1. Does region B:12-20 include one or more residues that are more than 15 Å from the chain's Cα centre (by Cα), closer than 15 Å to B:Thr106 by Cα and away from every other protein chain (no Cβ under 14 Å)?
2. Scan region A:98-114 for residues that are touching a residue at least 60 places away in the same chain (Cβ under 8 Å) and either within 14 Å of the chain's Cα centre (by Cα) or facing chain B (nearest Cβ under 8 Å) (or both) and report the count.
3. Inside region B:35-46, can you point out the residues that are buried (at least 19 other Cβ atoms within 10 Å of the Cβ) and among the hydrophobic types (A, V, I, L, M, F, W, C)?
4. Checking the condition more than 20 Å from A:Gly42 (Cα to Cα), touching a residue at least 40 places away in the same chain (Cβ under 8 Å) and within 14 Å of chain A (Cβ to nearest Cβ), which residue from B:Ser39, B:Ser24, B:Ser94, B:Ser79 passes?
5. What number of residues in region A:36-71 are of a type in the set (S, T, N, Q) and over 14 Å from A:Ser93 (Cβ atoms)?
6. For a quick check of your reading: which strands (runs of 3 or more DSSP E) sit entirely within region B:52-112 and have at least 1 residues that are among the polar types (S, T, N, Q) and surrounded by fewer than 20 Cβ atoms within 10 Å (Cβ to Cβ)?
7. Quick one: in region A:22-61, which of the residues that are touching a residue at least 60 places away in the same chain (Cβ under 8 Å) and not in a strand (DSSP E or B) is nearest to the other protein chains (Cβ to nearest Cβ)?
8. Among all residue pairs at least 6 apart or on different chains, which show Cβ distances below 6 Å where the first residue, located in region A:78-97, is over 11 Å from A:Gly63 (Cβ atoms) and the second is among the charged types (D, E, K, R) and not in a strand (DSSP E or B)?
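Laboratory data are not the source of any read-out in this text; all were calculated from the coordinates shown. Every value quoted in this text rests on a predicted model; they were computed, and no experiment measured them. Every residue, glycine among them, receives a Cβ derived from its backbone with ideal geometry; neighbour counts consider all protein chains shown.
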Amino acid sequence: EAQVTQNPRYLITVTGKKLTVTCSQNMNHEYMSWYRQDPGLGLRQIYYSMNVEVTDKGDVPEGYKVSRKEKRNFPLILESPSPNQTSLYFCASSSFGSANNEQFFGPGTRLTVL
Amino acid sequence: SQQGEEDPQALSIQEGENATMNCSYKTSINNLQWYRQNSGRGLVHLILIRSNEREKHSGRLRVTLDTSKKSSSLLITASRAADTASYFCATVVSGGYQKVTFGTGTKLQVIP
């Protein structure tokens, strides 16, 4: 089944404790992206990757890191989480060859930073 | 800053009625997409319209794009209770990169 998976789905952590949210897709998509969703603000792009070893900042990259060492994986790293990073996070992927250019979304990771 | 702003923020209609949602954006785009989200779940792609297109249909969905006004609308005809969800527009700007910017969303409630 074609899908984007994220882990963990739920995470409660404390300020300053490094964490990684994994994202994996099995559709051989070139493009992957991370978003955060906050009430009243919609989804905001954190980082995106056009292909392996190619990443770029989105609209809200501060406090986050990413890497794209393999095509299928795009982990999101919070080196020193803070309470303002409490949010719902989505990973998405898409193929540049797709006529609809649609993004496929993962199920989301709900992060709480205390 | 947010590229897409949507209105209304919330919309409540009776089953069978049509629902119209609008999206405005600020800069030139390559394409605009509409997505649907059910209650905190991942978004699902509905339809894409390219910057050189003015109107597109898919089933009960009709999307228009006015690049001179930098606005788009999504019309859902003959709504069903199952259409209850949040709807987001997303603008795509590309050219060696691909930045995607989502609007703030319209929460649609269809009353049976």
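1. yes
2. Within region A:98-114, residues that are touching a residue at least 60 places away in the same chain (Cβ under 8 Å) and either within 14 Å of the chain's Cα centre (by Cα) or facing chain B (nearest Cβ under 8 Å) (or both) number 9.
3. Correct list: B:Leu43, B:Leu46.
4. Among B:Ser39, B:Ser24, B:Ser94, B:Ser79, only B:Ser94 is more than 20 Å from A:Gly42 (Cα to Cα), touching a residue at least 40 places away in the same chain (Cβ under 8 Å) and within 14 Å of chain A (Cβ to nearest Cβ).
5. Here the count works out to 2.
6. Because the criterion is at least 1 residues that are among the polar types (S, T, N, Q) and surrounded by fewer than 20 Cβ atoms within 10 Å (Cβ to Cβ), the strands (runs of 3 or more DSSP E) in region B:52-112 that meet it are B:55-58, B:61-66, B:71-76, B:85-94, B:106-111.
7. By that ranking, first place goes to A:Glu30.
8. Between residues of region A:78-97 that are over 11 Å from A:Gly63 (Cβ atoms) and residues that are among the charged types (D, E, K, R) and not in a strand (DSSP E or B), the close pairs are A:Phe96/A:Glu30.
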